[in-house]
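Contents: one structure, followed by commentary.
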Ligand code: HEM
């Protein structure tokens, strides 16, 4: 059906913008920021860029979640959540839940305040921790992308 093909295309578009952005922040932005000498400049630069990306990530998270649940429902794929060989379905939902909680709950409630305070007191340790967390999230996301693409095109795990 046309609607399903469009939903799948929007799902992948959202994933590309979202996970691609996470990859950019992790592999390009954070290493560049960590090389800056002035701690104040470091925080201001990171905030300006990551702040803009946070809105893109929020919008794409909503798009990916909406299209993902739509596809699961119209194709009646709920049974897959009871079958461990469809681990990549669980992984998609898990990645989505982790990012949604970070972007919509933790960040506005306390994470942003913690970052500003911690970056002022311990800039090196704070950016090291943030980079490590980004690597973990990026790695899990990429494994999920590979698993979901291969799995939804017929690879049996
Ligand atoms: C609420 C969360 C999500 C749900 C319910 C969901 C659901 C789905 C469904 C039903 C499909 C089609 C499966 C099939 O054709 O057999 C799919 C495909 C896919 N999803 Fe998700 N997804 C979610 C989040 C994510 C996330 C966070 C990622 C990336 C990290 C992702 C990446 C993909 C990819 C790469 C495909 C394969 C597209 C293709 O090759 O055609 N999804 N998803």
Structure-based [θ]222 nm, the chain - -39500 (n - 2.57) summed over DSSP H runs of at least 4, per residue, nearest 500: -26000 deg cm²/dmol
Among 134-145, 70-81, how do they line up by average Cβ neighbours within 10 Å per residue, starting with the highest? 134-145, 70-81
In degrees, nearest 10, the alpha-carbon axis of helix 2-24 is tilted away from the dominant principal axis of the alpha carbons of the chain by 20 degrees
Fraction in percent of alpha-carbon pairs per bin - 10 Å, region 1-45: 25, 29, 21, 15, 9, 2
Direction-averaged shadow area of the convex hull around the Cα atoms of region 81-157, nm²? 5.9 nm²
Here D for region 1-77, in µm²/s, from Stokes-Einstein with a Kirkwood Rh over Cα pairs at 10 °C and 1.306 mPa s, works out to 112 µm²/s
What distance in nm lies between label points placed 7 Å from Cα along the C-beta direction at residue 157 and residue 24? 2.9 nm
For the Cα atoms of the chain, what angle does the longest principal axis make with the long axis of helix 112-121, in degrees from 0 to 90, nearest 10? 40 degrees
Reduced Cα scattering model of region 30-116, Debye log10 I(q)/I(0), q = 0.13, 0.17, 0.19, 0.20 Å⁻¹: -0.60, -0.82, -0.92, -0.97
Roughly how many nanometres apart are two label points built 7 Å out from the Cα toward the Cβ at residue 82 and residue 102? 3.3 nm
Please compute the modelled spin-label separation between residue 37 and residue 74, points set 7 Å along Cα→Cβ, answer in nm with one decimal. 5.7 nm
Give the distance, in whole Å, between the Cα centre of region 25-64 and the Cα centre of region 78-157. 16 Å
What is the Cα radius of gyration of the chain over 2.2 N^0.38 Å, N being its residue count? 1.17
Determine by what factor the alpha-carbon radius of gyration of region 105-147 differs from 2.2 N^0.38 Å, reporting the quotient. 1.42
Rounded to 0.05, the calculated FRET efficiency for the beta carbons of residue 149 and residue 58 at R₀ = 22 Å is 0.35
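Read-outs throughout are calculated quantities, based only on the coordinates presented, and are distinct from any laboratory measurement. All values reported here derive from a predicted model rather than from experimental measurement. Heads up, the Cβs are rebuilt from the backbone with ideal geometry, glycines too, and the neighbour counts pull from every protein chain shown.
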